[in-house]
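Chemist: Submitted below is the structure of interest, expressed as structure tokens.
Derivation of every value follows stated rules applied to the coordinates shown; laboratory data play no part. As the structure is a computational prediction, the values presented were derived from the model and not from experiment. In this analysis, Cβ positions are derived from the backbone assuming ideal geometry, glycine residues included, and neighbour counts consider all displayed protein chains.
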Amino acid sequence: MLASAFPLLLLGFSLGMRHATDADHVIAVATVVSRVRSLGVALLIGAMWGLGHTLTLMIIGGAILLFGLVVPPHVGLAMELAVALMLIGLGGYHLTRLYRAARRSGPPAHAAEHRDGHRHDLGWVDRVFGASRVYVSLRPLLIGVVHGLAGSAAVALLVLTTVRDPRWGVGYIALFGVGTVAGMMLITGALAVPFAFTRARSSGMHNALAAVAAVLSVGFGLFLAYDISIGSGLFTANPQWTPG
């Protein structure tokens, strides 16, 4: 049984790594990593992001597989919209910080950062809980949890078309999550290199790269929000949603 299921589980791991390269994931991580000072912290961010993503996949995807949970189109589109809003919030916050720093003719303030430079912003949530060390440490996990909302139904439905035993389906999702963790660690490590290089040599170039990442985050988030709200009809009586 294990031998026959091994190709499926291997496929789950491979697709998890590929899933990490989705545009919304890369853009969000690029925005976050622009403030990271070391490769080790970048890898930790990737691992925490992937873990949060996997947690959502296991809860929602597992419920779909084990209990036959059906995700209505409105709910599915709302989960995807949450990702779009997070991209807009992340990018907008970083653009605001860069603008304020430019007006002060100095680098962005790091006084409230975690001692490892481990700071990622979730807008109003940061302002409410930003003083908590536990919250600061768990930010990448929370970002991953939100991003996992958009893909969990699609992953579960893909499993339903390829495997009959829900237990193997849950195993598939778990390895998909492990692959996502590995992929996100590779991506965050790769993205951290140019930001660390420019931080050490030119604050102007570093801020320019950070601004590009933030603008891409806002722009892609706005595109997703428009496509979900208008193109897919989230706020209409008959929304069109295909998990994917």
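Chemist: Between rounded, prolate and oblate, where does region 192-244 land on the alpha carbon gyration tensor, with a ≥ b ≥ c its root eigenvalues, rounded for a/c under 1.5, else prolate if a/b exceeds b/c? Don't jump to the answer; show the numbers that get you there.
Modeler: Numbers: a/c = 8.26, a/b = 3.62, b/c = 2.29.
Prolate, since a/c reaches 1.5 and a/b exceeds b/c.
Chemist: Same structure again: In terms of the Cα gyration tensor, with a ≥ b ≥ c the square roots of its eigenvalues, is region 147-243 rounded because a/c is under 1.5, prolate because a/b exceeds b/c, or oblate?
Modeler: It is oblate, given that a/c is not under 1.5 and a/b is not larger than b/c.
Chemist: If you don't mind, another one. Mind checking region 144-215 for trypsin sites (Lys or Arg not before Pro) that DSSP puts in a loop (not H, G, I, E or B) and that have at most 14 other Cβ atoms within 10 Å?
Modeler: Numbers: sites: R164, R167, R199, R201; in loops: R164.
Sparse-neighbourhood loop trypsin sites (Lys or Arg not before Pro): R164.
Chemist: Right, next: Shape verdict for region 1-83, please, from the Cα gyration tensor: rounded (a/c under 1.5), prolate (a/b greater than b/c) or oblate. Mind showing how you got there, number by number?
Modeler: On the way: a/c = 2.51, a/b = 1.32, b/c = 1.90.
Because a/c hits 1.5 or more and a/b fails to exceed b/c, region 1-83 counts as oblate.
Chemist: Tell me the net charge near A211. Cut-off is 13 Å between Cβ atoms, A211 excluded, with +1 for each Lys or Arg and -1 for each Asp or Glu.
Modeler: Numbers: positive: R35, R97, R100; negative: none.
Local net charge: +3.
Chemist: With a 10 Å Cβ neighbour count serving as the proxy for reagent exposure, in which order, fewest first, do D227, D165 appear?
Modeler: Fewest-to-most ranking of D227, D165: D165, D227.
Chemist: If you don't mind, another one. Give the peptides 205-214, 181-190 in descending order of average Cβ contacts within 10 Å, highest first.
Modeler: With the highest mean Cβ count within 10 Å placed first, the list reads 181-190, 205-214.
Chemist: Net charge around I228, counting only other residues with Cβ within less than 13 Å of its Cβ (Lys, Arg = +1; Asp, Glu = -1)? Walk me through the numbers on the way to the answer.
Modeler: Details: positive: none; negative: D24, E80, D227.
Net charge around I228: -3.
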